Amino acid sequence: MTAEHYDIKDLSLADEGLARIRWADADMPVLASIRERFEREKPLDGVRIGACLHVTTETANLVRTLAAGGAQVRLCASNPLSTQDDTAASLVRDFGIEVFAIKGEDTPTYYEHVDAVIDFAPQITMDDGADVVGRIHESRREALDAIIGGTEETTTGVVRLAAMAAEGALAYPIVAVNDAKTKHFFDNRYGTGQSTLDGIVRLTNRLLAGRTMVVSGYGWCGKGLAMRAKGMGARVIVCEVDPTAALEAHMDGFEVMPREEAAKRCDIWVTVTGNLNVIDEPCYATMKDGAIICNSGHFNSEINIPWLEDNAVRKTALKPLVDEYELPDGRTIVLLAEGRLVNLSGAEGHPANVMDMSFANQALCAEHMVAHAAEMPPAVYDVPAEIDNAVAAVKLETLGVAIDELTPEQVAYMNSWEMGTV
């Protein structure tokens, strides 16, 4: 069953990877139910899917589901540090999936792997950050001939795709899986909240209780992170540029202040904005000695690492993925995971139970794209409400949670305008 084409670290890691994939699968019942149906119905029969996703055990179970539906899948990593090498090995050996991903790969290798996915001539792209889509539109436009549509998993990627669509540059339809309620309400909030703290604690073994954590960005990821950090006893400060988000953070009980002020107080700083240079020179100028900085947004550009590289008098690798920069005045700043996704670089990413819903959306949106792409001009589309609701309903069922149903009388009332105050 071993795949013919692949580039991974070590095929001998497959036994460990297979055990971990099965462990994750046990906590992904929604995706498992879709896989059972896909196995029977083959809705993706013969469809080539080029996926650029974090190569984790949860992703492995998504890829298994796509393959069960009849798809041919080629997979690369969406971040140089997020690959689980044993998972990649098992996908190649045990499931025949063509994987191009090695944890710690350099930038040229990363884009060689992205190109390997594009070389597959995918009919559907499945992105986590829009790197495949971006590369196809910038330099691999010959691939557009085969593509019918795509999906996007992240806030960062959806923002990039929306900009492309607004400029008329987007050449095929893409469903914004990230914006499904059963994705960002849960994956972004509960998944990021828990996994980010997991990565920080694994890399540093620092107690969070009593320390001051700064969270830049109060979107769904920031909300989850701030909530979880507060729950572990940290004092949380939120930095925002959006007045409504800042007001919400204030009403939720968090301190809100400009980043230069927050820098004076932070023990640990996490960025989750999707923007550029969120932690920058003005922050470094006032940052307290020994502060730990990291990022849980998609790209490491959220932290101005080149400034640290250019201005530090000394850089010391304290342990793997923990680098200390000494500034000219003697203060030190500790950077985790090279500024890349700390939850995937330092830990294992989101727990399987929450990725169950995210990847259920991915699988069902791939099925939707095959059925409806011909009717969808190039644009960024919401996940159909019926898919979103179906995922939520199955998830509740697997949790043993029952809810009420509207009576016919209530349905009629909600769809009428004649009945007012009586």
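The values are calculated or read from the model by the stated rules, or taken from the named source; none is laboratory data. None of the values given here were measured: they were computed from a predicted structure. Heads up, the Cβs are rebuilt from the backbone with ideal geometry, glycines too, and the neighbour counts pull from every protein chain shown. Heads up: the accessible areas ignore ligands, DNA and RNA and are worked out on the full protein's heavy atoms, side chains in. Shrake-Rupley method; radii C 1.70, N 1.55, O 1.52, S 1.80 Å.
Filter segment 400-422 down to the residues that are aliphatic (A, V, I, L, M) and exposed (fewer than 11 other Cβ atoms within 10 Å of the Cβ), then identify the one that is nearest to the chain's Cα centre (by Cα).
Val401
Of all residues in segment 159-177, how many are at pLDDT 95 or above and part of a helix (DSSP H, G or I)? Explain how you work it out, then say what you get.
We begin by selecting, within segment 159-177, every residue at pLDDT 95 or above; these are 161-177.
Keeping just the survivors that are part of a helix (DSSP H, G or I) gives 161-166, 177.
Matching residues across segment 159-177 total 7.
What residue, among those in segment 146-204 that are basic (Lys, Arg) and free of Cβ contacts under 8 Å to residues at least 60 places away in the same chain, is farthest from Ala229 (Cα to Cα)?
Arg160
Under 6 Å between Cβ atoms, at least 6 apart or on separate chains: pull out the pairs that start in segment 363-390 with a residue that is more than 11 Å from Gly149 (Cβ to Cβ) and in contact (Cβ under 8 Å) with a residue 40 or more places away in the chain and end on any residue that is assigned to a loop (DSSP other than H, G, I, E, B) and open to solvent by less than 70 Å² (accessible area, probe 1.4 Å).
Glu367/Pro43; Val383/Ala180; Asp388/Ala180
Which of the residues belonging to segment 290-316 are closer than 17 Å to Met213 by Cβ and in a loop (DSSP other than H, G, I, E, B)? Before you say what the answer is, go through the steps one by one.
First, pick out the residues of segment 290-316 that are closer than 17 Å to Met213 by Cβ: 290-297, 302-303.
Correct list: Gly290, Ser296, Gly297.
Identify, from the list Gly274, Gly253, the residue that is touching a residue at least 60 places away in the same chain (Cβ under 8 Å), open to solvent by 20 Å² or more (accessible area, probe 1.4 Å) and either under 27 Å from Asn311 (Cβ atoms) or outside any strand (DSSP E or B) (or both). Break it down into steps so the answer makes sense when it comes.
Values: Gly253 fails: touching a residue at least 60 places away in the same chain (Cβ under 8 Å).
Just a single option satisfies the conditions, and that option is Gly274.
Sort out which residues of segment 96-133 are within 20 Å of Thr65 (Cα to Cα) and out of contact with any Lys or Arg (no Cβ under 6 Å at 6 or more places or on another chain), and write them in order of number.
Gly96, Ile97, Val99, Phe100, Ala101, Ile124, Thr125, Met126, Asp127, Asp128
Could you please find all residues in segment 338-382 being out of contact with any Cys (no Cβ under 6 Å at 6 or more places or on another chain), in a helix (DSSP H, G or I), open to solvent by less than 20 Å² (accessible area, probe 1.4 Å) and over 16 Å from Glu58 (Cα atoms)?
Correct list: Gly339, Cys365, Ala366, Met369, Ala373.
Would you say Glu324 is part of a strand (DSSP E or B) and among the acidic types (Asp, Glu)?
Values: part of a strand (DSSP E or B): yes; among the acidic types (Asp, Glu): yes.
It is true that Glu324 is part of a strand (DSSP E or B) and among the acidic types (Asp, Glu).
Just checking, how many residues over segment 311-337 are polar (S, T, N, Q) and open to solvent by 30 Å² or more (accessible area, probe 1.4 Å)? Step through it out loud before you land on a result.
From segment 311-337, those polar (S, T, N, Q) are 311, 316, 332; that's our starting set.
Filter once more, keeping what is open to solvent by 30 Å² or more (accessible area, probe 1.4 Å): 311, 316.
Selection size over segment 311-337: 2.
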